[in-house]
Amino acid sequence: IAEPEEKPGILGRLLGKVEDSTAPRRVLDDDMLEQLEELLISADMGVDTAMRVTANMAEGRFGKKLSVNEIKGLLADEVTRVMDPVAKPLPLYPKTPQVVLVVGVNGSGKTTTIGKLASQFRAAGKNVVIAAGDTFRAAAVEQLQVWGDRAGVPVLTAPEGSDPASLAFDAMTKAETDGADLLLIDTAGRLQNRADLMEELAKIVRVIRKKDETAPHNTLLVLDATTGQNAINQVEIFQKLANVSGLVMTKLDGTAKGGVLVALADKFGLPIHAIGVGEQIDDLDAFDPEDFAKALTG
Ligand code: GDP
C-alpha cells in the first residue's frame with residue numbers, strides 16, 4: 001500500500017514536480033520573487049509580511065541561481081526568524097492561584113483549549129480550577145464540564161444568565177481555599193455587542209483584582225487559524241476589549257492558511273503560547289517555529 005502523499009506546502013505547489021536532484025536551478029529574479037510572494041499571500045500571510053519575508057530572503061542573493069531545496073530552506077529560515085521571538089510557553093508566575101483569563105470569539109476553540117490546558121497542567125502535577133465564565137451559553141458551560149471531567153479538574157458554574165464577574169470571584173475564593181496553582185476562566189465571545197462584552201471583561205478583571213491585584217496573570221486570546229486574515233481583526237478588537245498577553249492558535253491541523261501566524265507575529269509580536277492541532281485532549285502543542293516554517297514552505 002502506498003504511503004499517503006504528504007500535502008505540499010506553498011513551495012511544493014510552486015516548484016512541486018522539479019524537486020529531484022536533476023531539477024534545474026531557479027534564478028532568484030523579480031518574477032520568482034513575485035511568485036513566492038503570491039504563494040505566501042495565498043497562505044494568508046498578508047501582503048506586507050509576504051513582501052518583507054521574500055525581500056529579506058532575497059537580500060544579497062538576487063539574480064543568483066538556487067536549487068529548489070535552497071529556496072525552500074532560505075524561505076523557511078526567514079519564517080523561522082520571524083516566529084522565533086513569539087514562541088514562548090505560557091509563563092508561570094510563583095504567585096498562586098495563577099489566573100488565566102481566556103478570551104476569544106465563539107467557535108474559536110476557547111472551551112476545547114481550556115480543557116486541553118487543564119489536562120496538561122494536571123499531568124504536570126498542578127492543581128487546577130476552571131470557571132465557566134460564559135454564563136450566557138448553557139451549551140458552553142456543559143461542554144466545559146465535559147472537558148473538566150476528562151481532565152479531572154473541578155469546573156465552577158453559575159446559573160444561565162448570571163453575572164460572570166460574581167462567578168469569577170467565587171472561583172477565586174475556591175481556588176484560594178483549594179490551594180490551586182491555576183485558575184482558568186472562560187469568558188463570553190459575543191462580539192455583537194462589544195460595549196457589553198468590554199464591560200463584562202472589565203468587571204471580571206476588577207473583581208478578581210479585589211482578591212489579587214496582580215491578576216489576571218495571563219490573558220489568553222484563542223484564535224482559529226482557519227479564519228485567515230480575520231484573526232488579525234480579532235487581535236485588534238480583543239486588544240481593545242482586554243489586555244491580551246498571549247495567543248493560542250487553534251485548528252492548525254488541516255489548514256493551508258497557517259501563514260496568518262507569520263502575519264500576526266510580524267504585526268503584533270504577541271507570544272504564541274500553544275497551538276491546537278486537533279479535537280482531542282492531547283492535541284495542544286508548544287509552538288515550534290522551525291517545524292511550522294518547514295510545514296508552511298515544504
Ligand atoms: P468556543 O466556542 O470558542 O468555546 O469553541 P469550542 O472549544 O467549542 O470549539 C469549536 C469547535 O472547534 C469544536 O468543534 C472543537 O472540537 C473544534 N476545535 C477546537 N480546537 C481545535 C483544533 O485545534 N483542531 C481542530 N481540528 N478542531 C478544533
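The values are calculated or read from the model by the stated rules, or taken from the named source; none is laboratory data. Please read all numbers here as calculations on a predicted model, not as lab measurements. As a convention, Cβ positions derive from the backbone with ideal geometry for all residues, glycine included, and neighbour counts pool all protein chains shown. Heavy atoms of the whole protein, side chains included, go into the accessibility calculation; ligands, DNA and RNA do not. Shrake-Rupley method; radii C 1.70, N 1.55, O 1.52, S 1.80 Å.
Observations
- Accessible area per residue, Å², the chain with all protein chains present, probe 1.4 Å: 47
- Converting phi to 3J(HN,Hα) with the Karplus coefficients 6.51, -1.76 and 1.60 and the offset θ = phi - 60°, the range 138-150 yields 4, 5, 5, 5, 4, 4, 5, 5, 4, 5, x, 4, 4 Hz in sequence order, with x at every glycine or proline.
- Modelled label positions at Ser166 and Asp196, each set 7 Å beyond Cα in the direction of Cβ, lie 1.8 nm from each other.
- Derived from the Cα gyration tensor, the three semi-axes of the equivalent ellipsoid of the range 46-103 are 38, 12, 8 Å, largest first.
- Rounded to the nearest 10 degrees, the inclination of helix 68-83 to the longest alpha-carbon principal axis of the chain is 30 degrees.
- Distance distribution note for the chain: the fraction of Cα pairs above 30 angstrom is 38%.
- Taking all protein chains as shown and a probe of 1.4 angstrom, Lys211 keeps an accessible surface of around 70 Å².
- Note on the chain: GNM, Cα springs under 10 Å; of Met51, Met172, Met83, the largest mean-square fluctuation is that of Met51.
- The range 31-60: GluC sites (Glu not before Pro) in DSSP loop, at most 11 other beta carbons within 10 Å: Glu59
- Protein accessible area in the chain, 1.4 Å probe - carbon and sulfur %: 49
- Residues Ile281 and Lys174, FRET efficiency given R0 of 22 Å [Cβ-Cβ distance, rounded to 0.05]: 0.45
- Loop GluC sites (Glu not before Pro), the range 170-274, which have at most 12 other Cβ atoms in a 10 Å radius of their Cβ (DSSP): Glu213
- Beta bridges assigned by DSSP with both partners in the chain are antiparallel in approximately 15 percent of cases.
- Radius 15 Å from Cβ of Gln239, net charge of other residues (Lys, Arg +1; Asp, Glu -1): +2
- When the chain is treated as a GNM with alpha-carbon contacts under 10 Å, the residue of Gln98, Gln234, Gln192 showing the greatest mean-square fluctuation is Gln192.
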